[in-house]
Amino acid sequence: MIELDPVIHAAARLRISATLASLDDGDRITFPRLQELLDMTAGNLSTHLRKLEDAEYVSVHKAHQGRTPVTFVTLTRRGRRAFEDYTDALRALLGGEK
Amino acid sequence: MNNNSAVPVDDEPLTSPDDALALIKEQRRTVTKRQLGGIPWVFGVWGIAWGVGFLALWSGYDGGNPWFQLPLAVARAIFGAIFLAASIVSVIVISRLGRGVRVASGFGGTVFGISSSASFVAVYLIGVALARAGADGPLISLYLPAGFGMTTGLLFLMGAALWRSVGQVVLGAIIMVTAVVAPFFGAPTNNVVMAVLGGGSFLIAAVAMHLGLKRGRC
């Protein structure tokens, strides 16, 4: 029986994971840019990022660019592996579709 | 971003693997479109620059454009201005593409950026050396477009290797072939070859990539 990771298997978190997985390993994206690519509200994105962060699938870093605070989000190795396992599981459920 | 336009999302699990896979594909398509959407414009701008710039040069030389002739200084000024404008547009568009993303290893991109500028300067300096060694105007007017064209083609091939882009391999190869073939037509006809084959390739690449992004094939 193939089980899908419940942390990723929700529309919002799946879209967040897919977006972060499209970046190269270790690349970081700012919160506003991620929000722009997802068309999500800041509150909604924060809520789902927290769930992914609790599962250690994403890491969130706060930094400063000059005097402006910037929040960077990145997919962790664990998160990338979980997303790959999730997409493999989906394909297996669909009979090996690419 | 206007929050009113945000897509409402909830915490509900997806109903089927089909939906989940479709959502992943759709999101990847959106990300690609938003991150690469400016590239067709860059190709288009360079297509116009090559077309107009090299046709202006062709019109500046004796034995070139049979319909009208430009003073060579004016033709060179048009060429310089339009290439400068295209460079500025490219830098602005490309710097906006990567906004908000901090790459873990920028080594490849940095090497690419520095070697691009350095190689164009090198082609120019070799031209200066050739002129000092006695190369005349027609010879230099064959060398410089070919040299810059070869460099541009090579840079596209380097970029294709870095960013795994088949489209860039095709464009880079065509630009290189153009640069190699053009001098065989002699001066000033080499400029027409650069304008039509080189400029045309950029314009076709612009349209192809725009359509590819629209249909989610890039």
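Structure notes:
- For the segment B:99-108, counting C-beta atoms of other chains within 10 Å of every residue's C-beta and taking the mean gives 6.
- Global form of chain B, assessed from the alpha-carbon gyration tensor, a/c cut-off 1.5: prolate
- Counting Cβ atoms of other protein chains within 10 Å of each Cβ in B:20-30 and taking the mean gives 6.
- Stokes-Einstein D in µm²/s, Kirkwood radius over Cα pairs - the range A:11-92 at 4 °C with 1.567 mPa s viscosity: 100 µm²/s
- Comparing B:104, B:195, B:122 in a Gaussian network model of chain B, where Cα atoms under 10 Å apart are tied by springs, the biggest mean-square fluctuation is seen for B:104.
- Nearest-0.05 FRET efficiency for residue A:78 and residue B:99, computed from C-beta distance (R0 25 Å): 0.35
- Calculated [θ] (222 nm, deg cm²/dmol) that DSSP helices of n ≥ 4 give over chain B, each run adding -39,500 (n - 2.57): -24500 deg cm²/dmol
- Dipole magnitude of chain B, debye to nearest 20 (Cβ charges: Lys/Arg +1, Asp/Glu -1, about Cα centre): 140 debye
- Relative contact order (%) - criterion: Cα under 8 Å, at least six apart; region: chain A: 34 percent
- Among B:132, B:76, B:96, the largest mean-square fluctuation in a Gaussian network model of chain B, built with springs joining Cα atoms closer than 10 Å, belongs to B:132.
- Of the DSSP H helices in chain B, those that are both long (alpha-carbon extent of 27 Å or more along the helix axis) and hydrophobic (Kyte-Doolittle mean at least 1.6) are B:72-97.
- Only helical runs count toward this figure. For chain A, summing -39,500 (n - 2.57) over DSSP H runs of n ≥ 4 and dividing by all residues gives -15500 deg cm²/dmol at 222 nm.
- Once the Cα gyration tensor of the protein assembly as shown is diagonalised, semi-axes √(5λ) in Å: 48, 20, 17
- Gap separating the Cα centres of the range B:62-110 and the range A:1-80, nearest whole Å: 36 Å
- When you filter the trypsin sites (Lys or Arg not before Pro) in the range B:154-218 for DSSP loop state and at most 16 other Cβ atoms inside 10 Å of their Cβ, you are left with B:164, B:215, B:217.
- Here the Gaussian network model covers chain B, with springs between Cα atoms less than 10 Å apart; of B:16, B:90, B:201, B:16 fluctuates the most.
- Counting Cβ atoms of other protein chains within 10 Å of each Cβ in B:59-65 and taking the mean gives 0.
- Stretched out straight at 0.36 nm per residue, the stretch from residue B:25 to residue B:84 would grow longer than its current Cα-Cα span by 17.4 nm.
- Extension gain, residue A:36 back to residue A:2 (0.36 nm per residue minus Cα-Cα distance, nm): 8.9 nm
- If you plug the beta carbon distance of residue B:112 and residue B:217 into 1/(1 + (r/R0)^6) with R0 = 25 Å, you get a FRET efficiency near 0.50.
Read-outs: derived from the displayed coordinates by stated rules, not from any lab. Computed from a predicted structure; not experimentally measured. In this analysis, Cβ positions are derived from the backbone assuming ideal geometry, glycine residues included, and neighbour counts consider all displayed protein chains.
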